[in-house]
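The values are calculated or read from the model by the stated rules, or taken from the named source; none is laboratory data. Because the structure is a prediction, the values reported are computed rather than measured. Cβ coordinates were reconstructed from backbone atoms using ideal geometry, including for glycine residues, and neighbour counts include every protein chain displayed. Side chains are part of the model used for accessible areas, which takes the heavy atoms of the whole protein and leaves out ligands, DNA and RNA. Shrake-Rupley method; radii C 1.70, N 1.55, O 1.52, S 1.80 Å.
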Amino acid sequence: MEKGKVYNYILENIEKKGALFFLLLDPDKTKIEALDDLIPKFESADVDLLLIGGSLILDSDFNEFVKTIKSKSKIPVVIFPGGVEQVSPYADAILFLSIVSGRNPENLIGKHVIAAPLIKRINLEPIPTAYILIESGKTTTAEFLSNSKPIPRHKSDLAVAHALAAEYLGMKLIYLEAGSGAELTVPGEMIYAVSKTCSIPVIVGGGIRSPEIAREKVDAGAKIVVVGNHFENPENFSQLKEFTSIVHYKLKTSTEV
Ligand code: 1GP
């Protein structure tokens, strides 16, 4: 992918496909050795983008993981950082996340000041993203580690006000996050309220475990669906194409033409 073109790629493909499917890979959960076998599966299933990151990286070499994926895959690779140490020159872009649902200054400006010069030096495309944590049943790792409160799941008006403020601050994507492995996904009503108010794309992730649920999020207004946990079980790979096809609602399958 040409440098600095990932955000445009996202917008153009939303226009073409209706909505997009991003697969989240956590380097601690996916072994580097498995990538040779996995990447062709991602490509043939028409995964739109690979997000790489984790709240905590304990056992793996982040940089090596990103480099290996980039050397094998045509799919754009974007860092979804759990911390400032998750920056790599091998990626195509990085979600420059601000946890706007919280009031922890470290996640609103502190970490950004540390990461920005590094991102500039390695010429990585930053995509300013408003990360909005939504209450999802149990305390999630993202909530615990960010030391911030999620938005109550039935307070759509609060989510709308946060998302709109982020858009007015110049952010390019809104990420409604239930948290990895969430018990409950982001409510459709909240996705609908945020999507109809904001004019930037809304990403929804956390706890999505079936193509039907993914489609529900798209029908509510999500332009991007993120799934991670569900595909950490290799038995579920057979469903990957089903997920992408149901999300890419503007693309007709050959039988529908
Ligand atoms: C987590 O939204 C992502 O940051 C994906 O969540 O791992 O539950 O699919 P899952």
Any idea how many residues of the stretch 113-135 are small (G, A, S) and either on the phi > 0 side of the Ramachandran plot or under 17 Å from the mean Cα position of the chain (by Cα) (or both)?
1
Scan of the stretch 205-237 for residues that are closer than 25 Å to V160 by Cβ and near the ligand (Cβ under 8 Å from one of its atoms), ordered by number:
G205, G206, G207, I208, V226, V227
Which of (1) outside any helix (DSSP H, G or I); (2) open to solvent by 20 Å² or more (accessible area, probe 1.4 Å); (3) within 16 Å of A91 (Cα to Cα) does Y7 not meet, given it meets every other one?
(1)
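Taking the stretch 184-197 as the search range and keeping residues that are open to solvent by 10 Å² or more (accessible area, probe 1.4 Å) and hydrophobic (A, V, I, L, M, F, W, C), which one is farthest from V226 (Cα to Cα)? I'd like the intermediate steps shown before the answer.
To start, the set of residues in the stretch 184-197 that are open to solvent by 10 Å² or more (accessible area, probe 1.4 Å) comprises 184-185, 187-189, 192-193, 195-197.
Then keep just the ones that are hydrophobic (A, V, I, L, M, F, W, C); that gives 184, 193.
On the way: L184: 14, A193: 19 Å.
Here the residue is A193.
Looking only at residues that are under 23 Å from S55 (Cβ atoms) and more than 10 Å from the ligand (Cβ to nearest atom) in the stretch 166-182, which one is surrounded by the most Cβ atoms within 10 Å (Cβ to Cβ)?
Here the residue is I174.
Would you say K241 is of a type in the set (D, E, K, R), part of a loop (DSSP other than H, G, I, E, B) and more than 15 Å from the ligand (Cβ to nearest atom)?
Working: of a type in the set (D, E, K, R): yes; part of a loop (DSSP other than H, G, I, E, B): no; more than 15 Å from the ligand (Cβ to nearest atom): yes.
Answer is no for this residue.
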Residues satisfying the stated conditions in the stretch 138-156, i.e. at pLDDT below 95 and assigned to a loop (DSSP other than H, G, I, E, B)
K138, T139, T140, N147, S148, K149
Top-ranked residue in the stretch 219-251 [being under 15 Å from Y175 (Cβ atoms) and touching a residue at least 40 places away in the same chain (Cβ under 8 Å); ranked as most open to solvent (accessible area, probe 1.4 Å)]:
K223
